[in-house]
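The values are calculated or read from the model by the stated rules, or taken from the named source; none is laboratory data. Not measured: the values here are computed from a predicted model. Cβ placement follows ideal geometry from the backbone for every residue including glycine, while neighbour counts extend to all protein chains displayed.
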Amino acid sequence: MAGPTTAERGERQDRQGAASGPPRPPLLRRLPGPRTLIILMVCLALLCAGVSWVLYGSRWTRVESVSASGTRVLTPAQVVEAADVPVGSPLISVDTDVIEAGLLRKLPRIDLVDVDRSWPHGIRLKVTERIPVLVTENTGKGGKYVEVDAKGVRYATVSRAPQGVPTLELNVSRSAGLRRFGADRLVREAVRVARSLPAAVTRATQVVKVRSYDSISLELSGDREVDWGSGEQGGSKAHTLTALMKAAPEARHFDVSVPTAPASSGS
């Protein structure tokens, strides 16, 4: 007996499709009901309240210790005292920016400071002190010295000049050059020269003299003198001076104010 024809099979499939009805849409994910939402909101509120209590109300996260590191001349105790951190207050409430500004104001020897929270009980103060490049004599305070750092900042008065740090002498008259550049600019130029010197010359330099912006000279050990000129072309002048001192080791006067035309004299 022959099976159903193709037309008959098509009609059968149509009848089955019609009987099953239209395709069903995909099931939608059920949303939480109002009661579930309320429970979730209450739990979230309790969690926030708990975190706030731990940070602000609990004794677990209050300031108990303050430490300082990175000091050279200052002591850690001096830094901690100047920081004036409110011990016993919530650690989260400590204003690190205020502490940083206060340290820079109270202790000018500090160049940079990082104030960090050390959970759960500490504050860490990491300081970087200024390093003197030059010193100036302060005749108004019993012959003491004022230290000058690499930025030209005069920041601390000391009773004795640090070993190996040259003395800065400003022999500037009331001239148009002084009115144009100002004493602070001339100090920065002297620092610029001091930082350009070769290491061997730095160790031998005793005095940096400034007469004007374009007239800066050095007094070295052994009654030697260097005419440096301005603070410009420092690298070229340092290289030329090194070569000149090797070529004329007995000379007492060196001129590198024009590094392409150096000169030496004396013996």
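On the basis of being of a type in the set (S, T, N, Q), in a strand (DSSP E or B) and either outside the structural domain of Arg185 (by TED's automatic domain parsing) or over 34 Å from the mean Cα position of the chain (by Cα) (or both), does Ser217 make the cut?
Working: of a type in the set (S, T, N, Q): yes; in a strand (DSSP E or B): yes; either outside the structural domain of Arg185 (by TED's automatic domain parsing) or over 34 Å from the mean Cα position of the chain (by Cα) (or both): no.
No; evaluated as a whole, the condition is false for this residue.
Do you know which residues across segment 118-141 are within 18 Å of the chain's Cα centre (by Cα) and surrounded by 15 or more Cβ atoms within 10 Å (Cβ to Cβ)?
Within segment 118-141, Leu125, Lys126, Val127, Glu129, Arg130, Pro132 meet the criteria.
Could you go through segment 199-207 and let me know if any residue there is in contact with a helix residue (DSSP H, G or I) (Cβ under 9 Å, 6 or more places away or on another chain), part of a helix (DSSP H, G or I), hydroxyl-bearing (Ser, Thr, Tyr) and assigned by TED's automatic domain parsing to the domain that holds Leu186. Before you say what the answer is, go through the steps one by one.
So in segment 199-207, the residues in contact with a helix residue (DSSP H, G or I) (Cβ under 9 Å, 6 or more places away or on another chain) come out as 200-202, 205.
Now narrow it down to the ones that are part of a helix (DSSP H, G or I): 200-202.
Okay, now just the ones that are also hydroxyl-bearing (Ser, Thr, Tyr), so 202.
Filter once more, so that each one left must be assigned by TED's automatic domain parsing to the domain that holds Leu186: 202.
Scanning segment 199-207 turns up at least one residue that is in contact with a helix residue (DSSP H, G or I) (Cβ under 9 Å, 6 or more places away or on another chain), part of a helix (DSSP H, G or I), hydroxyl-bearing (Ser, Thr, Tyr) and assigned by TED's automatic domain parsing to the domain that holds Leu186.
Of the residues Val193, Val165, Val210, which is crowded, with 16+ Cβ neighbours inside 10 Å and either at pLDDT below 90 or part of a loop (DSSP other than H, G, I, E, B) (or both)?
Values: Val193 fails: either at pLDDT below 90 or part of a loop (DSSP other than H, G, I, E, B) (or both); Val210 fails: either at pLDDT below 90 or part of a loop (DSSP other than H, G, I, E, B) (or both).
Only one candidate qualifies: Val165.
Taking the residues in segment 237-247 that are buried (at least 17 other Cβ atoms within 10 Å of the Cβ) and of a type in the set (A, V, I, L, M, F, W, C) as candidates, determine which candidate is nearest to the chain's Cα centre (by Cα).
Initially, segment 237-247 is screened for residues buried (at least 17 other Cβ atoms within 10 Å of the Cβ), giving 237-238, 240-241, 244-245.
With of a type in the set (A, V, I, L, M, F, W, C) added as a condition, the list becomes 238, 241, 244-245.
Numbers: Ala238: 28, Leu241: 33, Leu244: 38, Met245: 37 Å.
Among those residues, the one meeting the criterion is Ala238.
For segment 220-246, how many residues are in a strand (DSSP E or B) and either farther than 22 Å from Arg185 by Cβ or not assigned by TED's automatic domain parsing to the domain that holds Asn171 (or both)? Walk me through it before giving the result.
Initially, segment 220-246 is screened for residues in a strand (DSSP E or B), giving 220, 224-229.
Restricting the remaining residues to those that are either farther than 22 Å from Arg185 by Cβ or not assigned by TED's automatic domain parsing to the domain that holds Asn171 (or both) gives 220, 224-225.
Number satisfying all stated conditions: 3.
Do any residues in segment 75-92 that are part of a loop (DSSP other than H, G, I, E, B) have Cβ atoms under 7 Å from those of residues that are crowded, with 18+ Cβ neighbours inside 10 Å and not β-branched (Val, Ile, Thr), where the two are at least six apart or on different chains, and which pairs are they?
Every condition considered, the pairs that remain are Gly88/Arg62; Ser89/Arg62.
Among the residues that make up segment 83-96, is at least one of them surrounded by 14 or more Cβ atoms within 10 Å (Cβ to Cβ) and within 30 Å of Arg160 (Cα to Cα)?
There is at least one residue in segment 83-96 that is surrounded by 14 or more Cβ atoms within 10 Å (Cβ to Cβ) and within 30 Å of Arg160 (Cα to Cα).
How many residues are assigned to a strand (DSSP E or B), aliphatic (A, V, I, L, M) and free of Cβ contacts under 8 Å to residues at least 60 places away in the same chain when one looks only at segment 93-134?
Initially, segment 93-134 is screened for residues assigned to a strand (DSSP E or B), giving 110-118, 122-129, 134.
This time we only want the ones that are aliphatic (A, V, I, L, M), so: 110, 112-113, 115, 123, 125, 127, 134.
After this cut, where a residue has to be free of Cβ contacts under 8 Å to residues at least 60 places away in the same chain as well, the list is 110, 112-113, 115, 125, 127.
Counting residues in segment 93-134 that are assigned to a strand (DSSP E or B), aliphatic (A, V, I, L, M) and free of Cβ contacts under 8 Å to residues at least 60 places away in the same chain gives 6.
State all residues of segment 215-236 that are within 17 Å of Ala194 (Cβ to Cβ), surrounded by fewer than 16 Cβ atoms within 10 Å (Cβ to Cβ) and touching a helix residue (DSSP H, G or I) at 6+ places or on another chain (Cβ under 8 Å); if no residue qualifies, say none.
Ser221, Gly235
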